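Notes follow the structure.
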Amino acid sequence: MHPNIDTHLSKELTDEELLRYARQVLLDGWDIDAQLRLKSARVVIIGAGGLGCPSSETLVRAGLGQVHLIDDDVIEASNLQRQTLFLPTDIGQPKALTAAAMLKEINPLIEARGTVARLSEDNADELLDITSGKPDLLLDCTDNFATRDIINRISVRYQIPLLSASAIAMQGQLALFEPHLNSGCYYCVFGEHDSEAVTDERTCANSGVLASTTAIMGSLQANAALQYLGLNRNPLANKLLLWDGKLMQQRVMGYRPDKLCPVCSNH
Ligand SMILES: [Zn+2]
């Protein structure tokens, strides 16, 4: 599914790794090979906030080999309610660097780095480190539609799978697009910003979010990423997951690629 990983697969796990990941390697359907694939994977996470904190933490604890966080924001007091990698003493510090340092502390066996920047189509080459090979997966953990559109175009341009999560109030959405398999893209599902699929321009900053919503959506995002990276399977192929925290209900809807999509139909 993602051609990169198997070609640069690490040969074995160290004793320290075997000990740390013992409960995972024991799992039915998750073995040493899955753990090695995860160890060999490189993931770029855009947004080190409410979603980026829990998803990166779970991936790093699980043994993801390389994580790179990109975020141009600094930590504020109002972030501490849900951004689980930050402490009150971190207020004023850059999120990307603080989160990367914390992840490295949580699991010294992995590589974590942070870049204080805003990802754009102009700097994507450099920020994603394309010259040293494409990342295996992009995680969209941002909180506004303009950046989501940019990340989607980057995913399609470089043909990098995109795992897109969103969380607002007590609701969340999750999808995993595979442009190299012509799976359709974020635009195919959500269209323009003002289309009906996207309710409005709400963000966490202007309409609030319950602490558990970002924790749940970040965990679901990590759950999909682990299967994708470790087991070569997309549990959300051509599906959109919708979480409703008020009703405690999850729905999974199918979608089809838009043959006339202005973003992905020409690739
Ligand atoms: Zn599309």
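Taking trypsin sites (Lys or Arg not before Pro) that fall in a DSSP loop and have at most 15 other Cβ atoms within 10 Å as cut points, what is the longest piece of the chain between them?
Maximal segment without exposed cleavage sites: 119-232.
Hey, how many Å between the Cα centroid of segment 6-60 and the Cα centroid of segment 72-120?
Going from one Cα centre to the other spans 20 Å.
Amide H to amide H, which residues 5 or more places from Gly114 or on other chains are under 5 Å from it, using H placed in the peptide plane?
Amide H neighbours of Gly114, under 5 Å, 5+ apart: Leu69.
In terms of solvent-accessible area of protein heavy atoms at a 1.4 angstrom probe, what is the ranking of Ile150, Ile160, highest value first?
Descending accessible area places them as Ile150, Ile160.
Rolling a 1.4 angstrom probe over the protein chains, ignoring ligands and nucleic acids, what is the accessible area of Phe86 in square angstrom, nearest 10?
So the heavy atoms of Phe86 present about 10 Å² to solvent.
Leaving ligands, DNA and RNA out of it, report the carbon-plus-sulfur percent of the accessible area of the chain at a 1.4 Å probe.
So the carbon and sulfur contribution to the accessible surface is 52 percent.
Can you give the accessible area of Tyr21, probe radius 1.4 Å, in Å² rounded to 10?
Counting only protein heavy atoms, the figure is 10 Å².
Can you pull the accessible area of His180 for me, 1.4 Å probe, Å² to the nearest 10?
Spelled out: His180, probe radius 1.4 Å, area about 60 Å².
Using a cut-off of under 13 Å, list every residue of segment 90-121 whose amide N is near the label point 7 Å from the Cα of Val74 along the Cα-to-beta-carbon line.
90-96
So how far apart, in nm, are the two label points at Leu18 and Ser212 if each is 7 Å from Cα heading toward Cβ?
4.1
Can you give me the distance in nm between label points at Asp129 and Asn223, each placed 7 Å from the Cα along the Cα-to-Cβ direction?
Each label point lies 7 Å from its Cα, and together they span 3.0 nm.
Take the residue pairs Lys11/Lys259; Lys104/Lys134; Lys11/Lys134; Lys11/Lys104; Lys104/Lys246 and return only those whose Cα atoms are more than 32 Å apart. Let's see the in-between values first.
Values: Lys11/Lys259 41 Å; Lys104/Lys134 22 Å; Lys11/Lys134 21 Å; Lys11/Lys104 22 Å; Lys104/Lys246 35 Å.
Pairs exceeding 32 Å: Lys11/Lys259; Lys104/Lys246.
Between Thr89 and Lys11, 0.36 nm times their residue separation minus their Cα-Cα distance comes to what?
24.0 nm
Compare Glu16, Glu57, Glu178 by solvent-accessible area with a 1.4 Å probe and give them largest first, with all protein chains kept in place. Let's see the in-between values first.
Working: Glu16 120, Glu57 40, Glu178 10 Å².
Output order, biggest surface exposure first: Glu16, Glu57, Glu178.
Could you give the accessible area per residue of the chain, probe 1.4 Å, as a whole number in Å²?
Accessible area per residue: 47 Å².
What do you reckon, how do Ser207, Ser78 stack up by accessible area (1.4 Å probe), largest on top?
Greatest to least solvent exposure: Ser78, Ser207.
Which whole-number percent is the relative contact order of the chain (Cα, under 8 Å, 6+ apart)?
Details: 530 pairs, mean separation 51.0, N = 267.
After rounding, I find 19 percent.
The values are calculated or read from the model by the stated rules, or taken from the named source; none is laboratory data. The structure presented is a predicted model; accordingly, all values stated were derived computationally and were not measured. Virtual Cβ from ideal backbone geometry, glycine too; neighbours counted across all protein chains shown. Just the protein is used for accessible areas: all its heavy atoms, side chains included, with ligands, DNA and RNA removed. Shrake-Rupley method; radii C 1.70, N 1.55, O 1.52, S 1.80 Å.
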